[in-house]
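Chemist: My structure is below; once you've seen it, I'll send some questions.
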Amino acid sequence: MNEITISEFYDNEKHARGADMLKFYLMPFVMFVLFGFPTRFGSYIQTFSNFAAPAFYILCGFFVLCPDAQKRTKKIASALKKSFKFFIFLFATYVTINIFYFSFIGAFGIIKTFSKWIIFEFLVLNIWPVILPAGNSIWFIQSLFYAYVFFYFADRIKLLRFNLPLFVLFYLIMLFTGEFSALAGFPHLGYPFIPGGAVTRAIPYMLLGMLIRKNADRLLTLRPRVYIIFFVIGMALAVLEVFLLVYFHILTYYGHLIGLGVMALSVCCLALSAPQMKKTFITAHGRNYAKRIYVLCQPVSLAITLLVSSSATKYVQYIVAFKSIIVFFICLVIAFLIGIIKYYFIPK
């Protein structure tokens, strides 16, 4: 990076190995959020792991919402198409898996309990129906798709030139529908808070990624230990926020903590500040494995649930306790096998 600035590196659309590595290393934390973490400290690990989703959104905003207007328009249109196809693929896959599951356990009639309100929650609030055992991770790509729709129209009307005010606005919306929902008069319409979605997580953090890109030469040129220190500060801030919310009896939701945002910002800046790190298997293929693990985690988790429910082995309690770790490694193995098949049997 001596011959060019870091902003010039990204403006030239060069491959960023640090970001690809980060995407892979974030996946265990995604598993902890979805399936919990063993030991008595599991709830704390699960809470801290919520920084993973904002980190992914920051990276999406950084690479798609670039400063060059013409490039940005093309990137948003391309990302919109890809995210839509991915969302439809996941939706069809998870619906099929759930139908198979209910048919297998002889409870197919439960699908008749769907109501218009459940459909509204899914389409508008990105809440996967709780009666369906597989699919609660789809909110991430669904929110990403909705966010790209927003950015597509915002870009067309030149609204993204006000990216800083937009970031402040959406971040406040996120906080006062989540962490500070009690201060905003919640519950509204029976909801004590609004969970992570396009407006309440994807858009604000993608705008943050855009701001990082605009200020890359200042934010991404610090020493690595600075980002590590800020990550620890973010963890401490998250603990303090939860303590204060509990103390004042207004704790309703901790998925939108400011401290989690600081943690996400820190790891993203650390990864983006080293785009040309040494080429390894993870830096070269990390993003592909992260995507495969994300797709596979739901069916693998449901398969483990079926196995446990039909088993009388004494190890059931350990399988349940370590489910997040087991799911991650099974998905990793399957993802590796898919990579081998693609490399040797599918022509490029």
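Chemist: Only residues that are surrounded by fewer than 19 Cβ atoms within 10 Å (Cβ to Cβ), in a loop (DSSP other than H, G, I, E, B) and touching a residue at least 24 places away in the same chain (Cβ under 8 Å): list them for the stretch 169-190, please.
Modeler: Selection gives nothing.
Chemist: Quick check on this structure: which one of LYS23, LYS14 is assigned to a loop (DSSP other than H, G, I, E, B) and either touching a Lys or Arg at 6+ places or on another chain (Cβ under 7 Å) or surrounded by fewer than 17 Cβ atoms within 10 Å (Cβ to Cβ) (or both)? Can you show your working first?
Modeler: On the way: LYS23 fails: assigned to a loop (DSSP other than H, G, I, E, B).
Going through LYS23, LYS14 in turn, the sole match is LYS14.
Chemist: In addition: Restricting to the stretch 192-207, and then to whatever is modelled with pLDDT of 90 or more and within 22 Å of VAL242 (Cβ to Cβ), can you tell me which residue is farthest from the chain's Cα centre (by Cα)? Steps first, answer last, please.
Modeler: Start the filter on the stretch 192-207 by keeping residues that are modelled with pLDDT of 90 or more, which leaves 192-194, 197-207.
Right, trim to within 22 Å of VAL242 (Cβ to Cβ) and you get 192-194, 197, 200-201, 204-205.
Values: PRO192: 22, PHE193: 19, ILE194: 16, GLY197: 10, THR200: 13, ARG201: 9, PRO204: 13, TYR205: 11 Å.
Of everything passing the filter in the stretch 192-207, PRO192 is farthest from the chain's Cα centre (by Cα).
Chemist: If you don't mind, there's one more thing I want to ask. Counting just the residues of the stretch 39-71 that are hydroxyl-bearing (Ser, Thr, Tyr) and part of a helix (DSSP H, G or I), which one comes out nearest to PHE322 (Cα to Cα)? Let's see the steps before the verdict.
Modeler: Applying the first criterion (hydroxyl-bearing (Ser, Thr, Tyr)) to the stretch 39-71 yields 39, 43-44, 47, 49, 57.
Next cut, part of a helix (DSSP H, G or I) only: 43-44, 47, 49, 57.
Values: SER43: 13, TYR44: 15, THR47: 17, SER49: 16, TYR57: 27 Å.
Out of the qualifying residues, it is SER43.
Chemist: Of the conditions (1) buried (at least 18 other Cβ atoms within 10 Å of the Cβ); (2) farther than 22 Å from ASN98 by Cα, LEU244 clears all except one; give me its number.
Modeler: Result: LEU244 fails condition (1) only.
Chemist: Next question. What is the number of the single condition among (1) part of a helix (DSSP H, G or I); (2) within 30 Å of ILE6 (Cβ to Cβ); (3) under 18 Å from the mean Cα position of the chain (by Cα); (4) not aliphatic (A, V, I, L, M) that HIS256 does not meet?
Modeler: Result: HIS256 fails condition (1) only.
Chemist: Testing TYR101 on (1) crowded, with 17+ Cβ neighbours inside 10 Å; (2) over 21 Å from the mean Cα position of the chain (by Cα); (3) within 30 Å of VAL262 (Cβ to Cβ); (4) in contact (Cβ under 8 Å) with a residue 40 or more places away in the chain, one condition comes back false. Which one is that?
Modeler: It fails just one condition, (3).
Chemist: Please find, among PHE108, PHE140, PHE151, the residue that is at pLDDT below 90 and aromatic (Phe, Trp, Tyr). Reasoning before the result, please.
Modeler: Working: PHE140 fails: at pLDDT below 90; PHE151 fails: at pLDDT below 90.
After applying the criteria, what remains is PHE108.
Chemist: Report every pair of residues separated by at least 6 positions or lying on different chains whose Cβ atoms are under 6 Å apart, first residue within the stretch 142-168 and free of Cβ contacts under 8 Å to residues at least 24 places away in the same chain, second in a helix (DSSP H, G or I).
Modeler: If the second residue must be in a helix (DSSP H, G or I), the pairs left are ALA154/LEU160.
Chemist: Would the stretch 325-348 turn up any residue that is in contact (Cβ under 8 Å) with a residue 60 or more places away in the chain and among the small types (Gly, Ala, Ser)?
Modeler: No, every residue in the stretch 325-348 fails to be in contact (Cβ under 8 Å) with a residue 60 or more places away in the chain and among the small types (Gly, Ala, Ser).
Chemist: Okay, next question. Can you give me the number of residues within the stretch 133-149 that are over 12 Å from the mean Cα position of the chain (by Cα) and part of a helix (DSSP H, G or I)?
Modeler: Number satisfying all stated conditions: 5.
Chemist: Filter the stretch 79-90 down to the residues that are free of Cβ contacts under 8 Å to residues at least 60 places away in the same chain and either under 20 Å from THR305 (Cα atoms) or among the hydroxyl-bearing types (Ser, Thr, Tyr) (or both) and list them by number.
Modeler: Those that are free of Cβ contacts under 8 Å to residues at least 60 places away in the same chain and either under 20 Å from THR305 (Cα atoms) or among the hydroxyl-bearing types (Ser, Thr, Tyr) (or both): none in the stretch 79-90.
Chemist: Would you confirm whether or not the stretch 226-237 contains a residue that is buried (at least 18 other Cβ atoms within 10 Å of the Cβ) and not in a helix (DSSP H, G or I)?
Modeler: No - not one qualifying residue is present in the stretch 226-237.
Chemist: Moving to a separate point now. With the structure loaded, tell me whether GLY209 is under 19 Å from LEU34 (Cβ atoms) and surrounded by 18 or more Cβ atoms within 10 Å (Cβ to Cβ) or whether it fails that test. Steps first, please.
Modeler: Working: under 19 Å from LEU34 (Cβ atoms): no; surrounded by 18 or more Cβ atoms within 10 Å (Cβ to Cβ): yes.
When the stated conditions are applied, GLY209 does not pass them.
Chemist: Would you call VAL267 surrounded by 14 or more Cβ atoms within 10 Å (Cβ to Cβ) and either hydrophobic (A, V, I, L, M, F, W, C) or assigned to a helix (DSSP H, G or I) (or both)?
Modeler: Values: surrounded by 14 or more Cβ atoms within 10 Å (Cβ to Cβ): yes; either hydrophobic (A, V, I, L, M, F, W, C) or assigned to a helix (DSSP H, G or I) (or both): yes.
So VAL267 fits the description; yes.
Chemist: Further, regarding this structure: Looking only at the stretch 210-218, decide whether some residue is within 28 Å of PHE162 (Cβ to Cβ), at pLDDT below 95 and part of a loop (DSSP other than H, G, I, E, B).
Modeler: Checked against the condition, which is being within 28 Å of PHE162 (Cβ to Cβ), at pLDDT below 95 and part of a loop (DSSP other than H, G, I, E, B), the stretch 210-218 yields at least one hit.
Chemist: Assuming LYS74 fulfils every condition listed in (1) among the basic types (Lys, Arg); (2) part of a helix (DSSP H, G or I); (3) under 26 Å from THR221 (Cα atoms) apart from one, which condition is it?
Modeler: Result: LYS74 passes all but (3).
Chemist: From the set of residues in the stretch 34-55 that are over 20 Å from ALA236 (Cβ atoms) and in contact with a helix residue (DSSP H, G or I) (Cβ under 7 Å, 6 or more places away or on another chain), which is surrounded by the fewest Cβ atoms within 10 Å (Cβ to Cβ)?
Modeler: So the residue we want is PRO38.
Chemist: Of the residues VAL246, VAL232, only one is of a type in the set (A, V, I, L, M, F, W, C), modelled with pLDDT under 95 and more than 30 Å from PHE162 (Cα to Cα); which?
Modeler: Details: VAL232 fails: modelled with pLDDT under 95.
Going through VAL246, VAL232 in turn, the sole match is VAL246.
The values are calculated or read from the model by the stated rules, or taken from the named source; none is laboratory data. From a predicted model like this one, the values you see are computed outputs, not experimental measurements. Every residue, glycine among them, receives a Cβ derived from its backbone with ideal geometry; neighbour counts consider all protein chains shown.
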